[in-house]
4 protein chains.
Amino acid sequence: MTEGASKKKAATLLISCPDSKGLVAQVTGFIQRHGGNVLGLEQHVDSRDGVFFMRIEWDLDGFGVPTERLNEEFGAELGTPLQMDWRLHFSDEVPRMALFVSKQSHCLYDILARCQSGEWNVELPLIVSNHPNLEPVARNLGIDYHCIPIDRSNKREQEQKQIELLREKNIDFIVLARYMQIVSGEFIDEFPDRIINIHHSFLPAFPGARPYHSAHDRGVKIIGATSHYVTADLDAGPIIEQDVVHVSHSDSVRDLVRKGRDLEKVVLSRAIWLHLNRKLLVWRNRTVVFA
Amino acid sequence: MTEGASKKKAATLLISCPDSKGLVAQVTGFIQRHGGNVLGLEQHVDSRDGVFFMRIEWDLDGFGVPTERLNEEFGAELGTPLQMDWRLHFSDEVPRMALFVSKQSHCLYDILARCQSGEWNVELPLIVSNHPNLEPVARNLGIDYHCIPIDRSNKREQEQKQIELLREKNIDFIVLARYMQIVSGEFIDEFPDRIINIHHSFLPAFPGARPYHSAHDRGVKIIGATSHYVTADLDAGPIIEQDVVHVSHSDSVRDLVRKGRDLEKVVLSRAIWLHLNRKLLVWRNRTVVFA
Amino acid sequence: MTEGASKKKAATLLISCPDSKGLVAQVTGFIQRHGGNVLGLEQHVDSRDGVFFMRIEWDLDGFGVPTERLNEEFGAELGTPLQMDWRLHFSDEVPRMALFVSKQSHCLYDILARCQSGEWNVELPLIVSNHPNLEPVARNLGIDYHCIPIDRSNKREQEQKQIELLREKNIDFIVLARYMQIVSGEFIDEFPDRIINIHHSFLPAFPGARPYHSAHDRGVKIIGATSHYVTADLDAGPIIEQDVVHVSHSDSVRDLVRKGRDLEKVVLSRAIWLHLNRKLLVWRNRTVVFA
Amino acid sequence: MTEGASKKKAATLLISCPDSKGLVAQVTGFIQRHGGNVLGLEQHVDSRDGVFFMRIEWDLDGFGVPTERLNEEFGAELGTPLQMDWRLHFSDEVPRMALFVSKQSHCLYDILARCQSGEWNVELPLIVSNHPNLEPVARNLGIDYHCIPIDRSNKREQEQKQIELLREKNIDFIVLARYMQIVSGEFIDEFPDRIINIHHSFLPAFPGARPYHSAHDRGVKIIGATSHYVTADLDAGPIIEQDVVHVSHSDSVRDLVRKGRDLEKVVLSRAIWLHLNRKLLVWRNRTVVFA
């Protein structure tokens, strides 16, 4: 992305479609024809599945198609004839994020700091938790905190409450910031590719609960964290971002937890940044990351 | 460190002295003789300068020398005869930290989150700044924030005010969390090896101001951050911790700043953790880090 | 690069030119018009200098312009009118590399292994050295080894001999694999952006001789290696690739040398791979790496 | 390790035993009493299992116990009374290594280069393979290469042949340098904690065959390599060393293989270096690495 990109109004198209000759030429031709200036372009071909992916961002200053008609126009000229899936975003839209937390605060603090300082271009109108513990943190900053305790007996109704809240607040995407609860398939279906989780291991190693204990038992020399979109398969959704840190025999489980916290924070925040900046496409169970 | 170390009262000795035969045997013998149980031991010999370094931590439960006489007793038995420099710490002492900030908030937020959540065992009674901008952040958490603007004409008096405040609050060590001011030699002399700075480059590359601009101009493929103790030589004090992140031609200066922020936060916080946990020794212009 | 790219005959264009609207559309349009199938495309705009960079690779199967006329045709249609600097490569050309070595063998062995095993698509007809030490290694593999000792008095003539050899063998590019000699400006002018060096530090930290000693003295916690194109400014040419490894107070200079060797090998070999695969563009003193 | 350590004759003790008070004092006291000068000392307590580990290295110059009686003497004074498992090594012993390879050459070349250049203090009298492919590489360097093809029907006899060869050549430890064969429990029992394998994934993720294909399918953003001691449980032995490299959606399986090769080489060679330098202890299924 060039530096100017965030200052003027820009459009971003995320495209996936069956691969064929000349796709880049056709999309860039569309933009050129209407007088747009390309600010960034990435493309990728999955040659195994024969799928084409593209992200293109252009300056709308002097662009010949009005923003309100752009989606329709692109669809008519290219999207529909070329069997594209596409998403169109404008740089002046501010995404609305909800946070789901439990008792641990490190990811929450990290995200709040980025929102407060203006590092991210995002609205955060809602924090949901199954515990009251972190309410004071949210209150301090004037953010709505809803404690919705969940157990086996009430999961269905409580998730329904959550969904209503999310709709009411016009939430675009959800971040499970160490939420420590398995969300149901029904819930996930409401927000496909729009729920981001952080798992405290280098997936697919150590899925499920207590990964730091498992890592310690196995005697690994590296621990990791993984941010992924949530799917019905626990800890098996499309991976957005991963990172690792070296550890040694002298690290107790407590040390792994301490080192892992810093990893979880940064990996989750990088994933959110990628989502916010429209740099992610999902294909089957994998992501294309145009970072 | 074993997991039990933080639960019971423990003592930590940090020793440096001229190298000679049998030093480990003598120090561990002292502890064994008085009934102490060693929880952790690291040693290092700088063979060029002939200097011996040691960190030893032991459980005080059942230890034969009362804590209030331990320093004197160790000095008489070993410290003085073996020409040691040593520092004795007890696990129930809580260090008192002051933060110096300017306008950027990312390191401040990261440190506050660790203090608030109980991740660190530290008191934070004082934040000093040359700008009022971050006062609301401090106020929210009930921490004293003193805005002491500094320019060329008033530097001497204003630093004197800072020193008085630091004494009044019994501050043990100072963290320059992106303070963006050069502190004077007189100030530094008051807190030798007790002022921790974060520099936003991989020192010794790009000392001084605007290191991200310099890094961009030079076309490096990796940027870094460096935490060090402050000495009279600007950006040349003993390095505590460094880390890096890969960048590319597609990263603008603004992208380097963004990626660098996450690096600065974590590198500074790791350095503070090492200092808080008495894992650092300084010898000439280098550190021995018993992590 | 898609997997098929290396199997069929493909063309790669590396372009830089003044930025303007529609460049991607025009280049991809050229390829589409002649029936080419794009295998990979990357572009970058240096918004400060207003320069556009592009790498595009396409399948020549069924392409309407014969390879022997492609350069001319592209120049006439786009290259000249748009003031482009461009280089055209075909996947069936095998670049010819010369190695310059001194006494240390680790980079040499690493490169030879990659050539021998077929990992790289390259010819290696010539090794030059200022010392006879590594001649047996070359002889074993049937590669010409020329020992051309250089001292202050004979530098000019000896470099002239080297240049003649390089021409005679039709060498495309030169790798200084720990050559430990400063090459003259005259020599460099013969091979602009075609001499790759490996420097054993994280440049711009520790340029010049004995960087591991300097790193040890400074007490850094990370050491690095840097591969760059050679320019008349010592250790200041465009950086191709860098990497680092963590070290500690317990690492002697000898340990830094040992850890650094593994870094030098891999960083140099990655840079050679990028050069071989036409993934590098140089602009002023920086590289654009389309990896 | 101090720099002098490798120049003079030194002894290294690797100890594990039930934890109790005063163990460091007793071991260092033993060395001091006999006039030894400690060159390096590391210790670790596994507080969960109550086990103490120690590595201590000392200069034998002027040491009061002759080397041929040292093992016995240490056993009588400390080893037996304190229920220690211990191993005693002298710096002038040169370990004898056998390599097992299959068709891929990258690890073999890397190891040979280190042996040839004198980087490692090791004898390499024997290379074993189930394929003839790499015989020329071994022959060139005058190393015995035995091709012992293995299939289901002959595994028992062929492994017996291997064992005889290994005994005949007085082999101390075996390195499976991408051997691509599962060795039997009987074979492993002959060389407990003395067979080092390299697995081409970040274990425990992707054990078994074709880990790069599995990594690509799962869409991970990081791939790894793991070196471990071989046990009867496939890919589940004590981990010695691991490292990783970042990858992206644009990396095909072929790219993962290419990037992974460099990782495999360096991770395996680091593990061998640790083994050669007596820096490894095994406890249950984990290693203590005194690096």
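Exactly one condition in (1) surrounded by fewer than 20 Cβ atoms within 10 Å (Cβ to Cβ); (2) at positive phi; (3) at the interface with chain D (Cβ under 8 Å from one of its Cβ atoms) is false for A:ARG210; which is it?
The single condition A:ARG210 does not satisfy is (3).
If you scan the range C:76-125, which residues turn out to be among the β-branched types (Val, Ile, Thr), in contact (Cβ under 8 Å) with a residue 12 or more places away in the chain and in a loop (DSSP other than H, G, I, E, B)?
The first filter runs over the range C:76-125 and keeps only residues among the β-branched types (Val, Ile, Thr), leaving C:80, C:94, C:101, C:111, C:122.
Of the ones still in play, those that are also in contact (Cβ under 8 Å) with a residue 12 or more places away in the chain are C:94, C:101, C:111, C:122.
Hits for the range C:76-125 are C:VAL94, C:VAL122.
Considering the range B:174-191 alone, what residues qualify as being farther than 23 Å from B:PRO95 by Cα, touching a residue at least 60 places away in the same chain (Cβ under 8 Å) and hydroxyl-bearing (Ser, Thr, Tyr)?
none
Any idea which of C:VAL244, C:VAL266 is touching a Leu at 6+ places or on another chain (Cβ under 9 Å) and under 24 Å from C:ARG218 (Cβ atoms)? If you could, list the steps in order and put the result at the bottom.
On the way: C:VAL266 fails: touching a Leu at 6+ places or on another chain (Cβ under 9 Å).
Only one candidate qualifies: C:VAL244.
Would you tally the residues in the range A:147-156 being more than 19 Å from A:TYR109 (Cβ to Cβ) and surrounded by 10 or more Cβ atoms within 10 Å (Cβ to Cβ)? Spell out how you get there, then give the answer.
Going through the range A:147-156, the residues more than 19 Å from A:TYR109 (Cβ to Cβ) turn out to be A:148-156.
Filter again for surrounded by 10 or more Cβ atoms within 10 Å (Cβ to Cβ), leaving A:148-150, A:154-156.
Qualifying residue count for the region: 6.
Looking at C:ASP217, C:ASP193, C:ASP189, can you tell me which residue is surrounded by fewer than 18 Cβ atoms within 10 Å (Cβ to Cβ) and within 15 Å of the chain's Cα centre (by Cα)?
On the way: C:ASP217 fails: within 15 Å of the chain's Cα centre (by Cα); C:ASP189 fails: within 15 Å of the chain's Cα centre (by Cα).
Residue meeting the stated conditions: C:ASP193.
Being more than 26 Å from A:PRO192 (Cβ to Cβ) and either assigned by TED's automatic domain parsing to the domain that holds A:ALA177 or surrounded by 16 or more Cβ atoms within 10 Å (Cβ to Cβ) (or both), is that true of even one residue in the range A:87-101?
Residues of the range A:87-101 that are more than 26 Å from A:PRO192 (Cβ to Cβ), as a first pass: none.
No, because not a single residue in the range A:87-101 is more than 26 Å from A:PRO192 (Cβ to Cβ) and either assigned by TED's automatic domain parsing to the domain that holds A:ALA177 or surrounded by 16 or more Cβ atoms within 10 Å (Cβ to Cβ) (or both).
Can you tell me which residue among C:LEU112, C:LEU108, C:LEU39 is buried (at least 18 other Cβ atoms within 10 Å of the Cβ), within 14 Å of chain D (Cβ to nearest Cβ) and at pLDDT below 95? Even if it seems obvious, please write down each step before you answer.
On the way: C:LEU112 fails: at pLDDT below 95; C:LEU108 fails: at pLDDT below 95.
Among C:LEU112, C:LEU108, C:LEU39, only C:LEU39 is buried (at least 18 other Cβ atoms within 10 Å of the Cβ), within 14 Å of chain D (Cβ to nearest Cβ) and at pLDDT below 95.
Considering every residue within the range B:139-151, establish whether at least one is over 24 Å from B:SER16 (Cβ atoms), assigned to a helix (DSSP H, G or I), outside the structural domain of B:GLY29 (by TED's automatic domain parsing) and touching a helix residue (DSSP H, G or I) at 6+ places or on another chain (Cβ under 9 Å). Let's see the steps before the verdict.
At the first step, the residues of the range B:139-151 found to be over 24 Å from B:SER16 (Cβ atoms) are B:139-151.
From the residues that got through so far, the ones that are assigned to a helix (DSSP H, G or I) too are B:139-140.
Then drop every residue that is not outside the structural domain of B:GLY29 (by TED's automatic domain parsing), which leaves B:139-140.
Still in the running and touching a helix residue (DSSP H, G or I) at 6+ places or on another chain (Cβ under 9 Å): B:140.
So far as the range B:139-151 goes, yes, one or more of its residues are over 24 Å from B:SER16 (Cβ atoms), assigned to a helix (DSSP H, G or I), outside the structural domain of B:GLY29 (by TED's automatic domain parsing) and touching a helix residue (DSSP H, G or I) at 6+ places or on another chain (Cβ under 9 Å).
Checking A:SER117 against (1) surrounded by 16 or more Cβ atoms within 10 Å (Cβ to Cβ); (2) in contact with a Leu (Cβ under 9 Å, 6 or more places away or on another chain): exactly one of these is not met. Which one?
That leaves (2) as the condition not met.
In the range C:5-20, what residues are touching a Lys or Arg at 6+ places or on another chain (Cβ under 9 Å) and in a helix (DSSP H, G or I)? Quick ask: steps written out before the conclusion?
In the first step, residues of the range C:5-20 are kept if they are touching a Lys or Arg at 6+ places or on another chain (Cβ under 9 Å); the result is C:6, C:12-15.
Result: C:SER6, single match.
Quick one: is B:ILE182 more than 12 Å from chain C (Cβ to nearest Cβ), among the hydrophobic types (A, V, I, L, M, F, W, C), buried (at least 24 other Cβ atoms within 10 Å of the Cβ) and closer than 26 Å to B:LEU165 by Cβ? So that I can check it myself, show each step before the final result.
Details: more than 12 Å from chain C (Cβ to nearest Cβ): yes; among the hydrophobic types (A, V, I, L, M, F, W, C): yes; buried (at least 24 other Cβ atoms within 10 Å of the Cβ): no; closer than 26 Å to B:LEU165 by Cβ: yes.
Here the answer is no, as B:ILE182 does not meet what is asked.
When you check C:GLU159 against the structure, is it within 22 Å of the chain's Cα centre (by Cα), without any contact (Cβ under 8 Å) to a residue 24 or more places away in the chain and either assigned by TED's automatic domain parsing to the domain that holds C:CYS107 or in a loop (DSSP other than H, G, I, E, B) (or both), yes or no? Step through it out loud before you land on a result.
On the way: within 22 Å of the chain's Cα centre (by Cα): yes; without any contact (Cβ under 8 Å) to a residue 24 or more places away in the chain: no; either assigned by TED's automatic domain parsing to the domain that holds C:CYS107 or in a loop (DSSP other than H, G, I, E, B) (or both): yes.
So C:GLU159 does not fit the description; no.
Looking only at the range A:223-243, which residues are surrounded by fewer than 22 Cβ atoms within 10 Å (Cβ to Cβ) and at the interface with chain D (Cβ under 8 Å from one of its Cβ atoms)? Spell out the reasoning first.
Residues of the range A:223-243 that are surrounded by fewer than 22 Cβ atoms within 10 Å (Cβ to Cβ), as a first pass: A:231-236, A:238, A:243.
Passing the criteria: A:PRO238, A:ASP243.
For A:LYS169, state whether it is touching an Asp or Glu at 6+ places or on another chain (Cβ under 9 Å) and more than 14 Å from chain D (Cβ to nearest Cβ). Quick ask: steps written out before the conclusion?
Working: touching an Asp or Glu at 6+ places or on another chain (Cβ under 9 Å): yes; more than 14 Å from chain D (Cβ to nearest Cβ): yes.
So A:LYS169 fits the description; yes.
Residues of the range C:11-25 being within 8 Å of chain A (Cβ to nearest Cβ), touching a residue at least 12 places away in the same chain (Cβ under 8 Å) and not aliphatic (A, V, I, L, M), which ones?
none
Is there any pair linking a residue in the range C:214-241 that is closer than 17 Å to C:ILE174 by Cα and assigned by TED's automatic domain parsing to the domain that holds C:ARG258 to one that is assigned to a loop (DSSP other than H, G, I, E, B) and among the β-branched types (Val, Ile, Thr), with Cβ under 7 Å and at least six apart or on different chains, and which?
If the second residue must be assigned to a loop (DSSP other than H, G, I, E, B) and among the β-branched types (Val, Ile, Thr), the pairs left are C:VAL230/C:VAL183; C:LEU234/C:ILE182; C:GLY237/C:VAL230; C:GLY237/C:THR231; C:ILE239/B:VAL220.
Keeping to the range D:54-86, report how many residues are surrounded by 15 or more Cβ atoms within 10 Å (Cβ to Cβ), under 23 Å from B:VAL45 (Cα atoms) and among the acidic types (Asp, Glu).
Going residue by residue through the range D:54-86, those that are surrounded by 15 or more Cβ atoms within 10 Å (Cβ to Cβ) are D:54-60, D:63, D:65, D:70-71, D:73-74, D:77-79, D:82, D:84, D:86.
Imposing the further condition that a residue be under 23 Å from B:VAL45 (Cα atoms) reduces the set to D:54-60, D:63.
After this cut, where a residue has to be among the acidic types (Asp, Glu) as well, the list is D:57, D:59.
Final tally of qualifying residues: 2.
Which of the residues that make up the range A:21-75 are part of a strand (DSSP E or B) and more than 30 Å from D:ASP217 (Cα to Cα)?
Going through the range A:21-75, the residues part of a strand (DSSP E or B) turn out to be A:37-46, A:51-59.
Once the filter is applied, which keeps residues that are part of a strand (DSSP E or B) and more than 30 Å from D:ASP217 (Cα to Cα), the range A:21-75 yields A:ASN37, A:VAL38, A:LEU39, A:TRP58, A:ASP59.
Can you confirm whether B:VAL51 is under 30 Å from A:GLN104 (Cβ atoms), touching a strand residue (DSSP E or B) at 6+ places or on another chain (Cβ under 9 Å) and surrounded by fewer than 21 Cβ atoms within 10 Å (Cβ to Cβ)? Can you show your working first?
Numbers: under 30 Å from A:GLN104 (Cβ atoms): no; touching a strand residue (DSSP E or B) at 6+ places or on another chain (Cβ under 9 Å): yes; surrounded by fewer than 21 Cβ atoms within 10 Å (Cβ to Cβ): yes.
So B:VAL51 fails the test.
Name the one entry in B:ASP46, B:ASP59 that is within 12 Å of chain D (Cβ to nearest Cβ), farther than 20 Å from B:GLY22 by Cα, of a type in the set (Asp, Glu) and within 26 Å of the chain's Cα centre (by Cα).
None of the other options fit; the residue is B:ASP59.
Scan the range D:125-162 for residues that are touching an Asp or Glu at 6+ places or on another chain (Cβ under 6 Å) and under 20 Å from D:ARG194 (Cβ atoms) and jot them down.
First pass over the range D:125-162, keeping only residues touching an Asp or Glu at 6+ places or on another chain (Cβ under 6 Å): D:126, D:145.
D:LEU126, the sole residue that qualifies.
Restricted to the range B:190-207, and to residues that are touching a Gly at 6+ places or on another chain (Cβ under 7 Å) and not hydrophobic (A, V, I, L, M, F, W, C), which residue is farthest from the other protein chains (Cβ to nearest Cβ)?
Our first condition is that a residue be touching a Gly at 6+ places or on another chain (Cβ under 7 Å); within the range B:190-207, this holds for B:200-202.
Subset that is not hydrophobic (A, V, I, L, M, F, W, C): B:200-201.
Working: B:HIS200: 15, B:SER201: 9 Å.
Among them, the one singled out is B:HIS200.
Are any residues in the range A:250-291 of a type in the set (Val, Ile, Thr) and within 14 Å of chain D (Cβ to nearest Cβ), and if so, which ones? If you could, list the steps in order and put the result at the bottom.
Here is the first cut: in the range A:250-291, the residues of a type in the set (Val, Ile, Thr) are A:253, A:257, A:266-267, A:272, A:282, A:287-289.
Within the range A:250-291, A:VAL253, A:VAL266, A:VAL267, A:VAL282, A:THR287, A:VAL288, A:VAL289 meet the criteria.
Kindly establish whether C:GLU42 is free of Cβ contacts under 8 Å to residues at least 24 places away in the same chain and either outside the structural domain of C:LEU276 (by TED's automatic domain parsing) or of a type outside the set (A, V, I, L, M) (or both). Reasoning before the result, please.
Working: free of Cβ contacts under 8 Å to residues at least 24 places away in the same chain: no; either outside the structural domain of C:LEU276 (by TED's automatic domain parsing) or of a type outside the set (A, V, I, L, M) (or both): yes.
Considered against the rule, which asks whether it is free of Cβ contacts under 8 Å to residues at least 24 places away in the same chain and either outside the structural domain of C:LEU276 (by TED's automatic domain parsing) or of a type outside the set (A, V, I, L, M) (or both), C:GLU42 comes out as no.
The values are calculated or read from the model by the stated rules, or taken from the named source; none is laboratory data. Because the structure is a prediction, the values reported are computed rather than measured. Positions of Cβ are generated from backbone atoms using ideal geometry, with glycine treated the same way; all protein chains shown enter the neighbour counts.
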